[in-house]
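Everything on this sheet refers to the single structure shown next.
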Amino acid sequence: MSLQALFNNFVKGVAEQLAEYGFDQGKGRVFRRYSPTGDALVIEIQMSDHASKAEKVFYINVGLVLAPAWEHARQRYRLPASEQPRPLHAIWEHRIGFTTFSGGDQWRIADEAGAAEVSARVRRRLDEAVAELLPLLDREKFLAVADRREFLGAGGWRVRAWLLAEQGPSPELEHLLFTERPAHTHKSPMIQGIWNYANSRSRAADSG
């Protein structure tokens, strides 16, 4: 079997596995599951620059995308409404490695034996990762882990900020952005993006 056929079979196996968890495959090797609020868990098989005719080298990226942050990104970059998020748009993004979320994250397939071994290891890692991450499509649970500084560490405040911004500008959001955050960050693209998005939501509600 050719190397391309081995890799195609690997991708097909990933698609079938993720379909069991409710993921849909988009263009290319990107798989998404959306929550009722429009948030998404996105998994992507990304080819490495080190891939060659003799070996497929790739990464498995995973990201949690908040709907308001993605809507803002679409507006900012004037992306079409049909565009769907990828891990690079996520508020939390990592690579699924051999044993943990960090380190040893470059997967390789060169022959049938290697393809079988990688497929088995990826299946185990995907089961582990999806079981851990799918519950975070529940915003209350995601907010709770963010407040505990899990996944996002000190950047967990961004989850609360985007969810507040989705409701429009408010004293709570203003305090979070401009009182709790250090003064030197107030004009940063992140702070300004969240605040501008909140105000755009307010204008949209007024015009509606």
So ASP105 clears everything in (1) out of contact with any strand residue (DSSP E or B) (no Cβ under 6 Å at 6 or more places or on another chain); (2) surrounded by 13 or more Cβ atoms within 10 Å (Cβ to Cβ); (3) within 23 Å of GLU44 (Cβ to Cβ) except one condition, right? Which one?
(1)
Do we find a residue being at pLDDT below 95 and within 15 Å of the chain's Cα centre (by Cα) anywhere in the stretch 100-117?
yes
In this structure, does ALA81 turn out to be at pLDDT 95 or above and either among the aliphatic types (A, V, I, L, M) or more than 23 Å from LEU134 (Cβ to Cβ) (or both)?
no
On the basis of being in contact with a strand residue (DSSP E or B) (Cβ under 9 Å, 6 or more places away or on another chain) and either in a loop (DSSP other than H, G, I, E, B) or of a type in the set (Val, Ile, Thr) (or both), does VAL145 make the cut?
no
Meets criteria (surrounded by fewer than 17 Cβ atoms within 10 Å (Cβ to Cβ), touching a residue at least 24 places away in the same chain (Cβ under 8 Å), of a type outside the set (A, V, I, L, M, F, W, C) and not in a loop (DSSP other than H, G, I, E, B)) for ASN9
yes
Filter the stretch 149-179 down to the residues that are in a loop (DSSP other than H, G, I, E, B) and either open to solvent by less than 30 Å² (accessible area, probe 1.4 Å) or over 26 Å from ASP105 (Cα atoms) (or both) and list them by number.
LEU152, GLU166, GLN167, GLY168, PRO169, SER170
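Residue by residue through the stretch 18-36, note down the ones that are touching a helix residue (DSSP H, G or I) at 6+ places or on another chain (Cβ under 6 Å) and open to solvent by less than 20 Å² (accessible area, probe 1.4 Å). First the steps, then the outcome.
Residues of the stretch 18-36 that are touching a helix residue (DSSP H, G or I) at 6+ places or on another chain (Cβ under 6 Å), as a first pass: 21, 25, 29, 31, 35.
Across the stretch 18-36, the qualifying residues are PHE31, SER35.
Starting from residues that are under 17 Å from the mean Cα position of the chain (by Cα) and among the hydrophobic types (A, V, I, L, M, F, W, C), keep the ones in the stretch 67-84 and report whichever is farthest from ALA161 (Cα to Cα). It would help to see each step written out before you state the result.
Of all residues in the stretch 67-84, those under 17 Å from the mean Cα position of the chain (by Cα) come to 67-74, 83-84.
Still in the list and also among the hydrophobic types (A, V, I, L, M, F, W, C): 67, 69-70, 73.
Working: ALA67: 12, ALA69: 10, TRP70: 14, ALA73: 15 Å.
So the residue we want is ALA73.
The values are calculated or read from the model by the stated rules, or taken from the named source; none is laboratory data. If you're wondering where the values come from, they're calculated on a predicted model, not measured in any experiment. Backbone-built Cβ (ideal geometry, glycine too); neighbour counts: all protein chains shown. With ligands, DNA and RNA removed, areas are computed over all heavy atoms of the protein, side chains included. Shrake-Rupley method; radii C 1.70, N 1.55, O 1.52, S 1.80 Å.
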